[in-house]
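Here is the structure we will look at, set down as structure tokens.
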């Protein structure tokens, strides 16, 4: 979508209007501190399950999973599976005890469980860290959606959505967003399901599209007088004589059926400025404005607008054809870059050793036309896309380790997300909290059937999204390929509205959680413990505005990162900090405040540091040398972060047994005894 889609815009405006309207309606009932923080503890099971599901199904679920599965294939299925599985942990171990304790926030639980006001400060710190990590992908989703339907710059979408949600939360609190999030869950289910049924009726179902990528294909390439470079053992494939490519080649990639105009970022957008070409077939890109590359690996050569090859430069890697100017291969305005596979041979016997792909990095932003019949740059080959341990988990060479770490992060992280956990305080009692969790599992399972279908359809129908790293927008863009343009625009509008519901509901929950931590835990319990409920409500509104502005700023920094992967990092931090605290705090009375604090600080901050460093390495802001094993453990730290946190909690607690609260046995009874015994009472009553 290169122009403005007014129909899609109308759907988005309607969704925003419904969100704001419901927020104002519910705000009239939000008059007390209890309403703002825990919705008066009066939300029914069904509505609370709908609200939790609406809050949990973020941009990562609505857009990110489909985009990640299209981009990486089979490996990305772990995301929807583990997102839903995490609620089983909540159901079995955390939901009931947490509600019976009856706090407003998770830091309330931390202070009350250990009789330690100091622990509240540690707990608040991780509420903010996890929350800000989770807001970044929501902000990216906003920028992507408005960029797709309005052709606006990325930052405008962030500013518009961030302002609307911040306003809604600041004036409605928890009571104001509960009904909004419940409505948004059902809007998202409608938006993710109805358009895909229409698309499958036209382009075939999930099985048919998956089968189009599952056949083992022997590729053909053409060669002409293979000019060998004896120093590098490389042959450059020409265009006349046909030969069979060996089975060791990694397989075919999706081919575009028509010319497609693409926008590319420059080096400031790394890694989105990189192009990796097919090792099996010739790829042709025409650059109307010309282009210069920062980095080139063997394979491509350039032609001018008349089809003549540009002069060869010896200081390039073998096989490159470019002009005499610039630091890298340059293509003049109207010129064409042809990326040919190149094959390793023994220079004396011409024995074939396998094909490799050419790669380039664009220096300055430009546009290009991907010519019809070209394989999509950056698309993984069919065989790699379909099998486990593919492009996502195997990129650092330790796919099994990466996969297990991802599973641990997503499952344990779900049980440690503060903005989700705080919702259990809105149930009337612990039994209702457990029933709510069961319904959430049903609702999430129903939703997660659909995003993988979008990803599979997108690989075959819109493969050019691989080229400029825009697979995250597949849910918004795919309906526009329908021949009935009006129907395509309507369906795209429905998915755009659903995407808005996704990041608006999640961002709302994050703002409530983070604002509650600042207003209730820091202002109301640490800075002004004698403040009135009205003063805390005012602090809540100020905190919501401040956090909303900060979240918008952070969203501007993550345009090149995958939405679902960023959410996975937030889960990894939660898994190494809050999950051990809640699991051991609720089930092991021997956990002391020193053990819990030590485990949270070491495990949580170590995981946070590893993830931030990994992000900086991805952006080439940091260039420290690390081994592939260390790189994998940095990008997915849960496999060591969670055991580290739990181990430290247990070890330190055993050394500090004397610091256990005197009434620890009564506290454990409060957490686990049925409500009928009358032992459970709210830690916060006002």
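Observations on the structure shown:
- Straightening the chain between residue 367 and residue 258 buys 37.6 nm, computed as 0.36 nm per residue apart minus the Cα-Cα spacing.
- Two-site label geometry, residue 554 and residue 665: point separation in nm, points 7 Å out along Cα→Cβ: 4.4 nm
- For 454, 569, order by how many other beta-carbon atoms lie within 10 Å, fewest first: 454, 569
- Gap separating the Cα centres of the range 359-406 and the range 437-492, nearest whole Å: 19 Å
- Dimensionless Rg ratio for the range 458-561, taking C-alpha atoms and the 2.2 N^0.38 Å reference: 1.60
- The range 362-468, relative contact order in percent, only Cα pairs under 8 angstrom and at least six apart counted: 41 percent
- When the alpha carbon gyration tensor of the range 61-208 is reduced to an equivalent ellipsoid, the three semi-axes, largest first, read 34, 22, 16 Å.
- Percent RCO, i.e. relative contact order, over the range 73-209, from Cα pairs under 8 Å lying at least 6 residues apart: 8 percent
- Its alpha carbons considered, the range 385-527 gives a radius of gyration followed by a Dmax of 20.1, 61 Å.
- 93, 293, 11, 62 arranged by Cβ crowding within 10 Å, fewest neighbours leading: 93, 11, 293, 62
- Taking other C-beta atoms within 10 angstrom as a stand-in for reagent exposure, 276, 201 fall in the order 201, 276, fewest first.
- Reducing the range 567-622 and the range 636-665 to their Cα centroids gives an inter-centroid distance of 13 Å.
- What the Kirkwood sum gives for the range 536-686 is a hydrodynamic radius of 18.3 Å, with every pair of different alpha carbons counted.
Bear in mind these aren't lab numbers, they're just calculated from the coordinates by the rules spelled out. These figures come from a predicted structure and were not determined experimentally. Cβ: placed from backbone, ideal geometry, glycine included. Neighbour counts: every protein chain shown.
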